[in-house]
Amino acid sequence: PAYGRALMEETFGGGGGGDGDKKLGAEALTGVGVPGLKMVFRRVEAPALPLAPDAKFKYFVESVLPYAGAHTCVFIPDYFDYVLVRNYLMKARDKSFVAVHEYSRGTEVSRARARFFHGQRDLMLLTGRALFYHRYKIRGISSLIFYSAPTRADQFAWMANLLEEAAAGSGKTLP
């Protein structure tokens, strides 16, 4: 418990424990300007803190990924989690995907964005640092999955607002 509390304070700030956590959540949600956006939050249980990354990955692969359809963007804040998911998708070969990360060259990013937008690839993996440094506008997103909570509150709002732009550009309304 003490390690978890210290980790939360280090990640979310705030010396009193919960204040930084509440501020981050409120900041992230008030920046979302998409009316009627359906959001589902899942809590993944792990028997112990060191086993949490494995439990999260297992839940993602078994319960989330099979239902991800075309034009789904998967936002992955941590590069190590990104490598884990990317390697799984490369081995599984059941979903076509493109990947944009902080080490992608400009030509790779342009090609990936175009393939995703035109439906040539079902999934786009996007890392938090790629979004932080470049603020890519990703067109064609119909579903958005956060592998875990973003490390910055503005990233949640930025990604969620891309859903509105995609719906406006296609003439569709969000459910």
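The values are calculated or read from the model by the stated rules, or taken from the named source; none is laboratory data. Note that this is a predicted model, so its numbers are computed, not measured. Don't worry about glycine lacking a Cβ; one is built from the backbone with ideal geometry, like all the others, and counts go over all protein chains shown. These area figures cover heavy atoms from the full protein model, side chains too; ligands, DNA and RNA do not enter into them. Shrake-Rupley method; radii C 1.70, N 1.55, O 1.52, S 1.80 Å.
Here are the numbers for the structure shown:
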quantity	calculated
Hydrodynamic radius of the stretch 93-166 per Kirkwood, over alpha carbon pairs, in Å	12.6
Estimated inter-spin distance, Ala48 and Val83, nm [label 7 Å along Cα→Cβ]	2.4
For peptides 114-120, 126-132, 78-84, sequence by mean Cβ density within 10 Å, most packed first	126-132, 78-84, 114-120
Separation in nanometres of the label points that stand 7 Å from Cα toward Cβ, at Glu62 and Phe41	2.4
Protein accessible area in the stretch 80-128, 1.4 Å probe - carbon and sulfur %	48
Rounded D (µm²/s) - the stretch 48-158, Kirkwood Rh over Cα pairs, Stokes-Einstein at 37 °C, 0.692 mPa s	231
Rg/Rh ratio calculated on Cα atoms of the stretch 72-116 (Kirkwood radius)	0.94
Protein-only accessible surface order, largest first, of Tyr136, Tyr103, Tyr67 at 1.4 Å	Tyr67, Tyr103, Tyr136
Listed residue pairs exceeding 25 Å between alpha carbons, taken from Lys58/Lys95; Lys91/Lys137; Lys56/Lys95	Lys91/Lys137
